[in-house]
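K.L.:
Dumping the structure here so I can ask a few things about it.
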Amino acid sequence: MLEFIEKYSEPAVFILKDFHVFFGANNRPQDVQVIRKVRDLLANLKQGQNPKNVIFISPQLLLPSDLEKDVTIVEFELPSIEEIKGILSQMIEANRHTGRIVINLSPEEQERLAKAALGLTLHEAENAFARAMVIDGRLDINDVEIILEEKQQTIRKSGILEYIKSDLNIDDVGGLQNLKRWLIKRNKSWLDIAVRYQLPAPRGVLITGVPGCGKSLLAKSVSAMWQVPLLRLDIGKIFAGIVGSSEENMRRAIQTAEAIAPCVLWIDEIEKGFSGMSGPSGDSGTSNRIFGTFLTWMQEKTKPVFVVATANNISALPPEMMRKGRFDEIFFVDLPTQNERKEILKLHLNRRLQHPDVIGSFVIDDTTVNRLANTTEGFVGAELEQVVISGLFEAFNEDRSVRMEDFERAVNLTVPLSVTQAEQIHRLRAWADVRAVAATQREDRNNYHSSTPTEKSTDSKDNQAPEDVLGARGGRPVDF
């Protein structure tokens, strides 16, 4: 075939499909004879009066170093928002007057539906819109979920990112009103309406604080509130055994996230993935190169990929990650206040107490919630949930309706994290006092102390309220 091109005497353009298999694709060795023949052909293409051009078409960029100086790379991006809008507009016009499909989309909702399809090919986007129409005979903003389901296939194929389907709502997270308001104000900021204000898409937030206080839960609820995909990046999956594969995995994860933007990229316990970057890692610098790639991307990224990173031990993170420009804000999540404990308890009680035989004469009212909130001072959100679960197990074991005594017994049997890790929480608060913003609104912080102290045992230290052991709350009192 290459000889045919060499001998062809007329002006021509030759298109060679999937020629990358000879360049070492799919772990195959490079075909040195073919590469040599291509190099010999290059001189022939430039000779004579009749121009000849060769175009290699490939789904991936794979080029032998011998040919790098002689080949021009033209990269075709995925369809732009304008192209997807064009496909959507054509499908709407084609079905608007048929009577079979009900179209109920405002211009802003059309834009959101089109942006939900970013990262798909034109063929995939057309199939997604068609599927949304035929499922219920309607096309409206609720079909965003169907479009996002199509994106799951792209994410699964990457093998590094994990698509998290979250049906949580921001109201399912108790307390943290300051952080919630910050997130609500930035909803829809990736749409065209934000251009009028010259606003950039938000970069992300770093949420640190006491373990079990709802950091991961909040990360999951952001995507549901903003109606964008939620991707989880496991740093452990980035590292691979083959030299050079880890760096490529990080680049591929970033490319996948940007391809389906707008989206939320969730990195849970980020300090465990990027800890020890300042010292020798013993891996020939692989960890530092991956960390550098990630930092550069966070600083320079233009696609609306909102990074939500959570950390329990913020001191283990390198300082360059926490400077302005990487994250928009660093929030500190402290032990729940009195009002936040009431919200969390009410959420879990209403969610689990639904069957009449289980509820019996138990009433979920302000008196009940206040009583439980007063006896659980210093409990984190996860411990409050476990109190409700343990109380229900007491009733389940005796096959009866639940009573207040069941929950109070569960409280008395629980030694909260604020007691077992008082020193660590105190250090974390001291760090956050000047470096992070409190996720709790100022009013709740001022009314932190409960009227009824927690009493757990006869030990003098345990008789102290957790706040007396830990001292003042951490995080700068800024209200958004």
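The values are calculated or read from the model by the stated rules, or taken from the named source; none is laboratory data. Owing to the predicted nature of the structure, the values given are computational and were not obtained by experimental measurement. Because the Cβ atoms are built from the backbone with ideal geometry, glycine has one as well, and the counts that use them run over all protein chains shown.
K.L.:
Of the residues Leu413, Leu470, which single one is in contact with a His (Cβ under 8 Å, 6 or more places away or on another chain) and either under 20 Å from Ala382 (Cα atoms) or modelled with pLDDT of 85 or more (or both)?
P.N.:
Details: Leu413 fails: in contact with a His (Cβ under 8 Å, 6 or more places away or on another chain).
Matching residue, one of Leu413, Leu470: Leu470.
K.L.:
I'm trying to understand the selection: among the residues of segment 114-138, which are of a type outside the set (Phe, Trp, Tyr), in a helix (DSSP H, G or I) and either in contact (Cβ under 8 Å) with a residue 40 or more places away in the chain or not assigned by TED's automatic domain parsing to the domain that holds Ser89 (or both)? Lay out the reasoning, then the answer.
P.N.:
Keep residues of segment 114-138 that are of a type outside the set (Phe, Trp, Tyr), which gives 114-128, 130-138.
From what is left, the residues that are in a helix (DSSP H, G or I) are 114-116, 122-128, 130-136.
Residues satisfying the conditions are Lys115, Ala116, Leu122, Ala125, Met133.
K.L.:
Would you point out which residue out of Gln90, Gln49, Gln60 is within 36 Å of the chain's Cα centre (by Cα) and over 30 Å from Glu248 (Cβ atoms)? I'd like the intermediate steps shown before the answer.
P.N.:
On the way: Gln49 fails: within 36 Å of the chain's Cα centre (by Cα); Gln60 fails: over 30 Å from Glu248 (Cβ atoms).
Result of the check over Gln90, Gln49, Gln60: Gln90.
K.L.:
Phe4 - would you say it is surrounded by 15 or more Cβ atoms within 10 Å (Cβ to Cβ) and not in a loop (DSSP other than H, G, I, E, B)? I'd like the intermediate steps shown before the answer.
P.N.:
Working: surrounded by 15 or more Cβ atoms within 10 Å (Cβ to Cβ): no; not in a loop (DSSP other than H, G, I, E, B): yes.
No; evaluated as a whole, the condition is false for this residue.
K.L.:
Only residues that are assigned to a helix (DSSP H, G or I) and more than 19 Å from the chain's Cα centre (by Cα): list them for segment 175-195, please.
P.N.:
Those that are assigned to a helix (DSSP H, G or I) and more than 19 Å from the chain's Cα centre (by Cα): Gln177, Asn178, Asp192, Ile193, Ala194, Val195.
K.L.:
Leu41 - would you say it is touching a residue at least 24 places away in the same chain (Cβ under 8 Å) and farther than 30 Å from Asp136 by Cα?
P.N.:
On the way: touching a residue at least 24 places away in the same chain (Cβ under 8 Å): yes; farther than 30 Å from Asp136 by Cα: yes.
The answer is yes for Leu41.
K.L.:
Give the number of residues within segment 107-120 that are in contact with a helix residue (DSSP H, G or I) (Cβ under 8 Å, 6 or more places away or on another chain) and surrounded by fewer than 17 Cβ atoms within 10 Å (Cβ to Cβ).
P.N.:
Just the residues of segment 107-120 that are in contact with a helix residue (DSSP H, G or I) (Cβ under 8 Å, 6 or more places away or on another chain), to begin with: 108-120.
Narrowing further to those that are surrounded by fewer than 17 Cβ atoms within 10 Å (Cβ to Cβ): 108-109.
Residues flagged as in contact with a helix residue (DSSP H, G or I) (Cβ under 8 Å, 6 or more places away or on another chain) and surrounded by fewer than 17 Cβ atoms within 10 Å (Cβ to Cβ) within segment 107-120 amount to 2.
K.L.:
Still on this structure, I have one more. List every residue pair whose Cβ atoms sit under 7 Å apart, with the two residues 6 or more apart in sequence or on different chains, where the first one lies in segment 276-303 and is in a helix (DSSP H, G or I) and at pLDDT 80 or above and the second, anywhere, is of a type in the set (Ser, Thr, Tyr) and surrounded by 15 or more Cβ atoms within 10 Å (Cβ to Cβ).
P.N.:
Final answer for the pair search is Ile290/Ser246.
K.L.:
Suppose the filter is surrounded by 15 or more Cβ atoms within 10 Å (Cβ to Cβ) and aromatic (Phe, Trp, Tyr); does Phe396 pass it?
P.N.:
Details: surrounded by 15 or more Cβ atoms within 10 Å (Cβ to Cβ): no; aromatic (Phe, Trp, Tyr): yes.
Spelling it out, it is not the case that Phe396 is surrounded by 15 or more Cβ atoms within 10 Å (Cβ to Cβ) and aromatic (Phe, Trp, Tyr).
K.L.:
Take segment 29-54 and flag every residue that is surrounded by 12 or more Cβ atoms within 10 Å (Cβ to Cβ) and either aromatic (Phe, Trp, Tyr) or assigned to a strand (DSSP E or B) (or both).
P.N.:
Lys52, Val54
K.L.:
May I ask you to list pairs of residues, at least six apart or on different chains, whose Cβ atoms are under 9 Å apart, with the first in segment 65-81 being under 16 Å from Ala114 (Cα atoms) and the second being basic (Lys, Arg) and not in a loop (DSSP other than H, G, I, E, B)?
P.N.:
Ile81/Lys115
K.L.:
If Thr420 passes every condition in (1) in contact with a helix residue (DSSP H, G or I) (Cβ under 8 Å, 6 or more places away or on another chain); (2) at pLDDT below 90 but one, which one does it miss?
P.N.:
Of everything listed in (1) in contact with a helix residue (DSSP H, G or I) (Cβ under 8 Å, 6 or more places away or on another chain); (2) at pLDDT below 90, Thr420 misses just condition (1).
K.L.:
Turning to a different aspect of this structure: If a residue must be farther than 19 Å from Gln354 by Cβ and of a type in the set (Val, Ile, Thr), how many such residues does segment 398-413 contain?
P.N.:
1
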